[in-house]
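Comments concern the structure below.
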Amino acid sequence: MRHVVLEIGLFCASAPVICAQSLIVPDNTVRTVIALSASDGTLEAAGFMDLDDGLIASNRPYQAAIVGNELWFTDDVTSRVTRWNSYGSVQLGAIDLAPHRLRGITAAFGSVWVGGGNPSGTIPDFLIQLTPSGALVAQHPMPGVINGVTAFGNQLLVGDADHHDLLLVDPATGAITGTFHNSNGFNDVSNPGQIVVEPNGHVLVASGLFPGGVWEYDSTGNQVAFFDTSSLPQNGSVAGVARLGDGDLLFTTGTGVYRYGVSTHQIELVIGSLIPYYFATVPSIPLGTTVCSPGVANSTGRAGTVTAVGSNVVADSAVRLCAQDLPLAATGYFLASTTAGHVPNAGGSQGTLCLGGSVGRFNQQIGFTGNDGFFSITVDPHAVPQPSGAIAIMAGETWRFQCWHRDVNPTVTSNFTDATEVTFQ
């Protein structure tokens with residue numbers, strides 16, 4: 001299984017979140033992990049990592065969490081939390097929490113919190129508290145199986161799957177302090193799954209039983225919206241949910257990963273024939289090597305940069321190019337070539353063209369930087385523009401990508417970012 005490098009904690013300091021983050025979710029059909037764009041939900045890597053590629057195999061992995069410089073995964077069957085290095089490529093061991101079935105996990109308030117319990121009722125239900133080194137701190141009794149768990153202000157917000165309620169927990173004591181939302185389980189959230197707290201204080205909750213969908217509550221627990229997924233198989237039962245950078249939702253069911261158009265109410269399959277559970281947000285998967293850096297500073301006083309994220313496997317069709325540190329309200333497009341070059345002030349530009357040979361322009365995907373000096377495109381590796389027409393990238397080829405953009409510095413001109421080289425498989 002191919003591993004794609006994951007640099008935990010290594011963010012582009014000036015990059016918008018939509019470029020710096022990806023969403024990962026375990027696929028329980030083959031116990032691998034897939035990665036998707038946090039911007040629009042497009043597939044970035046179908047084989048992000050193999051959870052069986054270690055001494056301690058997974059059975060039903062549920063959710064990941066970044067814990068210090070490690071990546072931890074819960075497992076609903078083995079009752080273990082497996083630990084991986086920051087690259088997601090080497091297993092570091094496991095924490096045995098048998099006999100609990102482990103689902104939601106979050107690192108908050110100096111501890112790691114794991115939802116534990118057994119739906120059959122044969123063992124008590126707990127919210128399990130661990131140190132960041134993996135030592136057991138406490139098992140805090142809960143009234144039902146805990147699925148989702150996340151930080152909410154200065155408290156924890158957990159989902160009681162048996163009673164369909166969302167509970168508030170004091171992280172200092174592990175005691176329940178109140179009910180954020182009391183559901184009847186019939187025309188409200190039922191068997192709450194993943195819980196996501198948004199920047200505005202609203203809360204998204206996946207509904208695991210009928211009515212299937214995603215519920216949105218305000219910061220006081222009052223319903224704001226319901227995103228109905230009951231038209232899907234299994235009554236649209238939803239396990240995981242995430243808000244995308246473009247405002248739409250990504251969610252998981254027992255059949256695949258889907259995108260929900262908030263304004264259109266349309267549901268689109270992103271990837272099927274898998275059994276995914278909860279999402280985790282991680283730094284984007286970096287591809288390639290930065291070359292021709294730094295570029296010439298533009299009117300912002302900084303040199304523009306370009307980054308490739310996603311998968312370098314041609315068959316995955318999942319490469320995204322991100323250009324940042326660009327002037328505001330400027331247009332631009334990406335360039336591609338298999339040949340390196342170095343042409344200062346190319347075409348009257350203030351920057352340096354770092355490509356040579358046959359240079360193709362993605363001028364059918366012109367970008368606009370808007371108010372954040374950033375834009376990105378998705379590359380179809382089977383149709384990369386070239387002067388003689390679009391061609392397919394072949395495994396083993398190395399391609400160089402760069403961004404050209406307009407500028408006013410101080411008069412009307414243009415510039416180039418640095419470039420990135422990606423070798424494809």
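Tabulated values for the structure
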{"item": "Relative compactness, the range 99-183, computed as alpha-carbon Rg over 2.2 N^0.38 Å", "result": "0.97"}
{"item": "Volume in Å³ per residue [convex hull over Cα atoms, computed for the range 150-243]", "result": "85"}
{"item": "Distant alpha-carbon pairs in the range 80-237 (separation over 23 angstrom), percent", "result": "38"}
{"item": "In nm, spacing of pseudo-spin labels at Val343 and Phe186 (7 Å Cα→C-beta vector)", "result": "7.2"}
{"item": "D_trans [Stokes-Einstein, Kirkwood Rh over alpha-carbon pairs] for the range 227-381, 20 °C, 1.002 mPa s, µm² s⁻¹", "result": "117"}
{"item": "Residue among Ser37, Ser183, Ser120 with the largest mean-square fluctuation in a Gaussian network model of the chain, springs linking Cα atoms under 10 Å", "result": "Ser120"}
{"item": "Per residue value of the accessible surface for the chain (all protein chains in place, 1.4 Å probe), Å²", "result": "38"}
{"item": "Computed E for Ile123/Asn235 - FRET, C-beta separation, R0 25 angstrom, nearest 0.05", "result": "0.35"}
{"item": "Contact order relative to length of the range 256-340, as percent, for alpha carbon pairs under 8 angstrom and 6 or more apart", "result": "18"}
{"item": "Charge sum, other residues only, whose C-beta stays under 15 Å from Asn59's C-beta, Lys/Arg counted +1 and Asp/Glu -1", "result": "-2"}
{"item": "Distance histogram in 10 Å bins (all Cα pairs of the range 383-425, percent per bin)", "result": "23, 37, 26, 13, 1"}
{"item": "Stokes-Einstein D (µm²/s) once Rh is taken as the Kirkwood radius of the range 38-134 over alpha-carbon pairs, at 10 °C in 1.306 mPa s", "result": "113"}
{"item": "Share of Cα-Cα pairs in the range 183-302 lying beyond 22 Å, as whole percent", "result": "40"}
{"item": "Residue-averaged [θ]222 nm for the chain, counting only DSSP H segments that reach four residues, each worth -39500 (n - 2.57)", "result": "0 deg cm²/dmol"}
{"item": "Taking N as its residue count, the alpha carbon Rg of the range 237-315 over 2.2 N^0.38 Å", "result": "1.53"}
{"item": "Cα pair distances of the range 288-329 binned at 5 Å [whole percent]", "result": "5, 20, 23, 19, 14, 11, 6, 2"}
{"item": "log10 of Debye I(q)/I(0), alpha-carbon scatterers only, for the range 297-425 at 0.12, 0.19, 0.21 Å⁻¹", "result": "-0.41, -1.02, -1.21"}
{"item": "Estimated translational D of the chain in µm²/s (Stokes, Kirkwood radius over Cα pairs; 25 °C; 0.890 mPa s)", "result": "108"}
{"item": "Inter-label distance for Asp228 and Val262, nm, one decimal - labels placed 7 Å from Cα along Cα-to-Cβ", "result": "2.0"}
{"item": "Share of carbon and sulfur in the accessible heavy-atom surface of the range 256-330 [1.4 Å probe, %]", "result": "52"}
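The values are calculated or read from the model by the stated rules, or taken from the named source; none is laboratory data. On a predicted model such as this, the values are computed, not experimentally measured, just so you know. Note that we place each Cβ from the backbone using ideal geometry, even for glycine, and neighbour counts take in every protein chain shown. With ligands, DNA and RNA removed, areas are computed over all heavy atoms of the protein, side chains included. Shrake-Rupley method; radii C 1.70, N 1.55, O 1.52, S 1.80 Å.
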